[in-house]
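Read the structure below first, then the notes.
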Amino acid sequence: MSQTREEPASVVQLRGVDKAFTAGGEVLTAALSGIDLEIRRGEFVSLIGPSGCGKSTLLRIIGDLTQPTAGEVIVNGKSASAARRGREYGIVFQAPVLFDWRRVEDNVRLPLELLGMGRAEREERAGEMLRLVDLTDFARHYPYQLSGGMQQRVAIARALALEPALLLMDEPFGALDEMTRERMNSEVLRIWEKTGTTVVFVTHSIPEAVFLSSRVVVMSHRPGRITHTVEIDLPRPRGLETRELRRYFELVTEVRQQLRGGGAEEDVLAALDQVAAEEGSV
Amino acid sequence: MPEAGVPRGRLRSVATFVAFVLAVLVLWELLKFIGGDPWRYFGWEWRPPLKIAFASDLLLPHVWQIVAALAEPVQRLRTDSLAQFLLGAAFYTWREAAIGFVAGTILGIGLATIFVHSRLLERAFVPYVIASQTIPIVALAPMIVFAFGTSIVSVAIVATYLTFFPVTIAMIRGLRSPDPRALDLMRSYAASPGAIFWKLRMPASLPYLFTALKISATASIVGAIIGEGPGGVNDGLGRSIINFNNQYISGPEKLWATILIAALLGIASYALVQIAERWTLRAAPTR
């Protein structure tokens, strides 16, 4: 990456973050409660939880798009607001949110224009990003001429155009079909390995979280709390065969169990273990 | 990929339009054939069986009489034809309307921009914007003339008055049309309010703007025509309508010819906006 200044080891530090949605002084929803989380440089961290657990809100708080009610948010060694104003992260939403009046390449150039980068450099960088997501041949197309998966790849290229230290992804593949989603997962890993960007990834798909992450953060339903953290020690690089590893199934089961509150399903896990063991021996 | 069949679609819409005009003309003459005044041409005479009041030669001249009137001198002892005269008047009116159209568009976009950025001002002033359109323009025009004098300026103000309203309403909608996530995206890039306006809100609002401009294009011409009377300008289609209205008994086809030219002027203005729209929005054929 291009930063030459001293880089703190933690890209994201959350301490005691609360978020309550209020109307006229009355608390309507306690969305997040007592969130402590530290994300190290180069990590791929997934936030997983039932819908309404505040994982997207947490992502928006990291991006300074929503203000926490209480707590401290440090991004890249400074306040979330300073990091946003310094354009130190890129964000990808569930929808591509491309500007339909701009060509694919012009969509990728948008953040570079906002930075005030010169034309020649803009074109070069956008070309580079489109190569990264393998869409060079579609640079001159308009968004409506692309499939959903391709549009989301343009959004990723746009988010990475400023070579940010942090990439925030809010259920980026939730609207895609299963086949496309798995392909996009591999794509994201390839990009992550190539760029070394720290990724915070919100999802409600357990297999997706396990496949992608170095760490999965499990959250509970309202108020959103971090209940568990699962280290994903699957070997890298990960590919199609990763999804067939015994360890992969174990981790999927572990995350699933913890999502359900833990403890009660020890025997289910044991049974699954047995099945997996038998399959492995055949 | 866009198909190569676009010109065919345009051809079809032109054909539909021509067919519609022909149908109106045929209906027009059919009415006169069964209920108008007697037809006398080259020693041939036809007496319509019925008597329909509004199909008389005075109220509904023959189409060819109107067309023929265009070729005749506008008045005795003058050398220019009615067509030449009306085209000159149309150009004069078009100029007034164009000034009003541009002024109204700028005013409308300006008001919408203010309202979109301030809920308070929106709530305070949008009701007045709406109320302004409930006042009949014929009642307001004399007051505008009283304030700004009998000149082309007053006429242009009347045209502005009819133009700014659709633009304001459409642009409030259009400038608010971007996806909230697109605004989040701009915030994530620490985009300035100016950048958000020019790179997101404005381009997103263009389809709304052009819809309003199509209304405004014709409304501004109506405004200019109406404004010419009390505005006291001695040219233009509005003045011609007043003059030929006074001479209706002696030459009804002149007023009809003026109406025809006024309609063509409106259609031409609409078409100009449509061409501008096609050219501007060619990038995003989402509609």
Worksheet item: When you go through A:Glu182, A:Glu163, A:Glu187 one by one, which is the residue that is at positive phi and within 16 Å of the chain's Cα centre (by Cα)?
Response: A:Glu163
Worksheet entry | Among (1) at the interface with chain B (Cβ under 10 Å from one of its Cβ atoms); (2) touching a His at 6+ places or on another chain (Cβ under 8 Å), the one test that A:Val104 misses | (1)
Worksheet item: Among strands (runs of 3 or more DSSP E) lying entirely in segment A:1-95, which contain 2 or more residues that are hydroxyl-bearing (Ser, Thr, Tyr)?
Response: A:10-23, A:26-40
Discussion item. For segment B:84-106, give me each residue that is within 30 Å of B:Gln65 (Cβ to Cβ) and either crowded, with 20+ Cβ neighbours inside 10 Å or in contact (Cβ under 8 Å) with a residue 60 or more places away in the chain (or both).
Written reply: B:Phe85, B:Leu86, B:Leu87, B:Gly88, B:Ala89, B:Ala90, B:Tyr92, B:Thr93, B:Trp94, B:Glu96, B:Ala97
Item to complete: Confirm whether B:Trp28 is in a helix (DSSP H, G or I) and touching a residue at least 12 places away in the same chain (Cβ under 8 Å).
Response: yes
Item to complete: Could you list, in sequence order, all residues of segment A:104-118 that are in contact with a Phe, Trp or Tyr (Cβ under 6 Å, 6 or more places away or on another chain) and without any contact (Cβ under 8 Å) to a residue 40 or more places away in the chain?
Response: A:Leu114
Item to complete: Can you confirm whether segment B:109-126 contains a residue that is more than 20 Å from B:Phe197 (Cβ to Cβ) and touching a residue at least 24 places away in the same chain (Cβ under 8 Å)?
Response: no
Discussion item. So the check is Cβ under 6 Å with 6+ separation or different chains; which pairs have a first residue in segment A:83-101 that's closer than 12 Å to B:Asp179 by Cα and a second one that's of a type outside the set (Val, Ile, Thr) and assigned to a strand (DSSP E or B)?
Written reply: A:Phe93/A:Asp170
Discussion item. Based on this model, can you work out whether B:Val155 counts as away from every other protein chain (no Cβ under 14 Å), closer than 22 Å to B:Glu122 by Cα, in a helix (DSSP H, G or I) and of a type outside the set (Ser, Thr, Tyr)?
Written reply: no
Worksheet item: For segment B:173-201, how many residues meet the condition of being facing chain A (nearest Cβ under 10 Å) and not aromatic (Phe, Trp, Tyr)?
Response: 18
Discussion item. Looking at (1) in contact (Cβ under 8 Å) with a residue 12 or more places away in the chain; (2) more than 14 Å from every other protein chain (Cβ to nearest Cβ); (3) over 18 Å from B:Gln84 (Cβ atoms), which one does B:Gly251 not meet, given that it meets all the others?
Written reply: (3)
Fill in: Single condition A:Val92 does not satisfy, out of (1) on the phi < 0 side of the Ramachandran plot; (2) facing chain B (nearest Cβ under 8 Å); (3) β-branched (Val, Ile, Thr)
(2)
Worksheet item: Does B:Ala257 count as buried (at least 21 other Cβ atoms within 10 Å of the Cβ), farther than 23 Å from B:Ile99 by Cβ and within 19 Å of the chain's Cα centre (by Cα)?
Response: yes
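Looking only at residues that are among the hydroxyl-bearing types (Ser, Thr, Tyr) and within 14 Å of chain B (Cβ to nearest Cβ) in segment A:25-67, which one is nearest to A:Val217 (Cα to Cα)?
Step one: filter segment A:25-67 for residues among the hydroxyl-bearing types (Ser, Thr, Tyr), giving A:29, A:33, A:46, A:51, A:56-57, A:66.
Pick out the ones that are also within 14 Å of chain B (Cβ to nearest Cβ) and you get A:56-57, A:66.
On the way: A:Ser56: 13, A:Thr57: 14, A:Thr66: 20 Å.
Selected residue: A:Ser56.
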Practice prompt. Please go through segment A:96-108 and pick out each residue that is assigned to a helix (DSSP H, G or I) and surrounded by fewer than 24 Cβ atoms within 10 Å (Cβ to Cβ).
Written response: A:Glu105, A:Asp106
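Throughout, read-outs are computed from the coordinates displayed, never taken from laboratory work. The structure displayed is predicted, hence computed values, not measured ones. Counting neighbours? That spans all protein chains shown, and the Cβs are built from the backbone with ideal geometry, glycine included.
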